[in-house]
Amino acid sequence: MNKFNFFFLFILLSLSLFPLQARAAAVNIAKNTIRETRVEIDLKNFAILYQHPDLRARFIPESLRWERNQENLLSPKVLLGLAFKKNGKSIHIEHLGEKYIPVTKGIGVYSELWVDLFNPGEIQIIEENSLSATVRIESVSNLTVKKTQLIDYSCSPYQISVTGLENEYASVGCLMNRVGPWGKETPRLEVTLITTNYRMPNGALPPYKIILEDQSPAEFILINSKGEKRPITIKGVLPKRLNRVKLAVGFGPYEFSAHNGAESKSGELAPSLMLYGKLDLTDTSSLKFFDAALIQKTFFNNMGLYFSYDLAEVFDGRIIFNTLLGFQGLNFKYSADSVANSRMIYPQGFEVLWKHPFNQENYYLTYGMFLSTDNTEDYTNAWLRYGKSYFWEVNYIRWKYLESDISMWGLSIGLPLTSFF
């Protein structure tokens, strides 16, 4: 085994054995703050409402950022500065269950706190034991942006739609749960909604959760501070079953070159046939199977079984790194009158998956590679795959052992075959 391949395998094994809590912490850090969103935020579209002669409140410039919370909701947060011309020894600030003690500045006190613009809640300034002032944030009615509803990518597979909150800022996130035993699992989709101005009729603050189990919509009423009511409808499209096994088939033209002892051929075209299989074990792990066959006078078959595990997520979970640990079987026959060569090999690999590339919902762009762990047998398998229900794949494979050698590359199209269990 050469030094590069040894180092590559060592990294894969180390990451796979890396403590789960540490990996989770790294993932959480990567998902905490992101820069990409599909809703434009202009702070001029938000009003800070309060009534107290000694209070001043303002948004801190350049502090706006997008964050995803534990309920899988993506929302904009901004620092709100509060200055109060009073003795600070008897003043504190309460906001969504948190208590803030301000610092003394000049003739008064000052504090800054993060406020979720889509779920700002009410900020209370407490002096001694009584409420001295309240601060509320509302979006203005004549919004200057075209899109105000952020339906997260986590909802994209289920075609979630929200009606009734047009021209109102809102964020919607989704979390899919499996219900039932293996092989009979049904969907339970948790849809979470927050919105700046509208609340439940009894004043209950967001977030609001809606549970979808089929095509039945959720219909309810929200009301703003002026008493204006809006009927809201949230609906989606859910499958009847959540199958763990998925199969796909691929085919396309490949060009190849082959050697067998003194015999050789190059630049030949041949049809190829691929079979892809996946068994989802958990949300982050699976068993993956592939079988690629080149069918001509020269026959080459390459199949493999691998355990795949998601090592890390970055850019709000849009890019996923996973490892592929397993084995492969190879069959090579140069011609009808040559001796077949069958091998068991152990190349290890990885994949980098980009979800919703170029903002195309439910599409995937994947780059993957297998490399040999044995310097006596040369093997490389690299692929670039793009699509959703069907996909295009560019694939390059090279194998060399003793006097047998074949390299091939081509473009194939993959189609979903079936799913079950």
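The values are calculated or read from the model by the stated rules, or taken from the named source; none is laboratory data. Fair warning: this is a prediction, and the values are worked out from it, not measured in the lab. So basically every Cβ, Gly included, is an ideal-geometry build from the backbone, and we count neighbours across all protein chains shown. Areas reflect the complete protein model, heavy atoms only, side chains present, ligands, DNA and RNA absent. Shrake-Rupley method; radii C 1.70, N 1.55, O 1.52, S 1.80 Å.
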First in the range 380-396 and open to solvent by less than 20 Å² (accessible area, probe 1.4 Å), second anywhere and not in a strand (DSSP E or B), Cβ under 9 Å, 6 or more apart: 381/347; 387/363
The one condition in (1) open to solvent by 20 Å² or more (accessible area, probe 1.4 Å); (2) within 17 Å of residue 73 (Cα to Cα) that residue 156 fails to fulfil: (1)
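Counting only residues that are surrounded by 17 or more Cβ atoms within 10 Å (Cβ to Cβ) and among the hydrophobic types (A, V, I, L, M, F, W, C), which one in the range 252-266 is nearest to residue 186 (Cα to Cα)?
Of everything passing the filter in the range 252-266, 256 is nearest to residue 186 (Cα to Cα).
So in the range 72-95, with the set limited to residues that are open to solvent by less than 40 Å² (accessible area, probe 1.4 Å) and polar (S, T, N, Q), which one is farthest from residue 50 (Cα to Cα)?
Taking the candidates together, the pick is 72.
Going by the structure shown, is residue 240 basic (Lys, Arg) and either under 33 Å from the mean Cα position of the chain (by Cα) or exposed (fewer than 15 other Cβ atoms within 10 Å of the Cβ) (or both)? Reasoning before the result, please.
Details: basic (Lys, Arg): yes; either under 33 Å from the mean Cα position of the chain (by Cα) or exposed (fewer than 15 other Cβ atoms within 10 Å of the Cβ) (or both): yes.
Spelling it out, residue 240 is indeed basic (Lys, Arg) and either under 33 Å from the mean Cα position of the chain (by Cα) or exposed (fewer than 15 other Cβ atoms within 10 Å of the Cβ) (or both).
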Any strands (runs of 3 or more DSSP E) falling wholly within the range 2-76 and containing at least 3 residues that are modelled with pLDDT of 90 or more and of a type outside the set (A, V, I, L, M): 55-59, 65-68
Hits in the range 100-113 - residues which are loosely packed, with under 14 Cβ neighbours inside 10 Å and in contact with a strand residue (DSSP E or B) (Cβ under 7 Å, 6 or more places away or on another chain): 101, 103
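Filter the range 123-149 down to the residues that are in contact with a strand residue (DSSP E or B) (Cβ under 9 Å, 6 or more places away or on another chain), touching a residue at least 40 places away in the same chain (Cβ under 8 Å) and open to solvent by 70 Å² or more (accessible area, probe 1.4 Å) and list them by number. Spell out the reasoning first.
So the first thing to find is which residues in the range 123-149 are in contact with a strand residue (DSSP E or B) (Cβ under 9 Å, 6 or more places away or on another chain), and the list is 123-128, 131-140, 148-149.
Subsequent filtering for residues that are touching a residue at least 40 places away in the same chain (Cβ under 8 Å) retains 123, 125, 127, 132-140, 148-149.
The one that is in contact with a strand residue (DSSP E or B) (Cβ under 9 Å, 6 or more places away or on another chain), touching a residue at least 40 places away in the same chain (Cβ under 8 Å) and open to solvent by 70 Å² or more (accessible area, probe 1.4 Å): 136.
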Any hit, the range 196-214, residues being of a type in the set (A, V, I, L, M, F, W, C) and touching a Cys at 6+ places or on another chain (Cβ under 6 Å): no
